[in-house]
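Student: Encoded as structure tokens, here's the structure I'll be asking about.
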Amino acid sequence: MGDVADATDMGILLLALMTLWLYLPGFIANTFAMMWGKWLPKTGYGPWPIDGGRVMKDGNRMLGDGKTWNGLIGGSLTAGLLCMLQVAIVGTTFDEASVFVSPLTGSEDAWFAIGGPYLTAYIMGSFLGFACLLGDMTGSFFKRRRGLKREGDVSSKAPLLDTLPFAIMVFLWGQLFLGPSLLASSNLLLPMAIIIVITPILHRSFNLIGYAIGWKDVPY
């Protein structure tokens, strides 16, 4: 636990940046899901809506066309690859307090520490990616209950439901399930709160980029 405490020995702004770095696979899993949701069907596979077209009692889809199995699985697994890349860049062990600290800091005895550092990173990154997309689906579920559609070319936006559920879910799962690694440190709670507040801006920026380069059909 000494490495975890030492790694968080910095100011709140740097801690927030470090938290964003550590949780990056979860924060941009939506972008990966967009890629899989848009590109895989071009090869003749999918899309496969998670709700299977099911309509709820309110007359609206459970999730809508925007949430697919190819996006969920592909986005989660690609997030694992990103975590491996992070570890390849910054290393597998803790050296000193830094924004770009190793995501594996403190994970030696964690449940996901399996088969060496890169497999550990892959499992952790995929876990964060899945948490992100599960949170995103939760937001979509409540959007559908409000009558906001995502079917075919029809897509409705709800700024808070489009952004906050995935961020909250990623941080919640990290704190609950990724101990004793650095990602579950209680010293990251305040930085997490700060990031959640600015997440709508970050998410909007990522989506505008995705829309501009053709990964998204809508800029939100």
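Student: Taking the number of other C-beta atoms within 10 Å as the exposure measure, put GLU108, GLU96 in order starting with the fewest.
Tutor: Sorted ascending by nearby Cβ count, the order is GLU96, GLU108.
Student: Sorted from fewest to most neighbouring beta carbons within 10 Å, what does the list LEU134, LEU160 look like?
Tutor: Ranking LEU134, LEU160 by Cβ neighbours within 10 Å, fewest first, gives LEU160, LEU134.
Student: In the Gaussian network model of the chain, springs joining C-alpha atoms below 10 Å, which of MET56, MET169, MET84 carries the largest mean-square fluctuation?
Tutor: Residue with maximal mean-square fluctuation among MET56, MET169, MET84: MET56.
Student: Take the Cα gyration tensor of the stretch 2-212, multiply each eigenvalue by 5, square-root it, and list the three semi-axes largest first, rounded to whole angstrom.
Tutor: On the way: eigenvalues 203, 68, 40 Å².
Equivalent-ellipsoid dimensions as semi-axes: 32, 18, 14 Å.
Student: Can you sort LYS143, LYS42 so the residue with the fewest Cβ neighbours within 10 Å comes first?
Tutor: Ascending Cβ contact count within 10 Å gives the list LYS42, LYS143.
Student: What is the gain in length, in nm to one decimal, between TRP69 and ILE89 on full extension, counting 0.36 nm per residue of separation less the C-alpha to C-alpha distance?
Tutor: Extending this stretch completely gives an extra 4.2 nm.
Student: Can you give the log10 of the normalised intensity I(q)/I(0) at q = 0.22 Å⁻¹, computed with Debye over equal Cα scatterers of the stretch 42-96?
Tutor: -0.85
Student: Now, a different point. Say the dipole of the stretch 2-212 comes from +1 at the beta carbon of Lys and Arg and -1 at that of Asp and Glu; which of GLY115, VAL55, ALA5 then lies farthest toward its positive end?
Tutor: Value computed over the given set: VAL55.
Student: Would you work out the charge dipole size for the stretch 1-160 about its Cα centre, treating the Cβ of every Lys and Arg as +1 and the Cβ of every Asp and Glu as -1, and quote it to the nearest 20 debye?
Tutor: Using only the charged Cβ atoms, the result is roughly 1400 debye.
Since every read-out is calculated from the coordinates, none of them should be taken as a lab result. The structure displayed is predicted, hence computed values, not measured ones. Don't worry about glycine lacking a Cβ; one is built from the backbone with ideal geometry, like all the others, and counts go over all protein chains shown.
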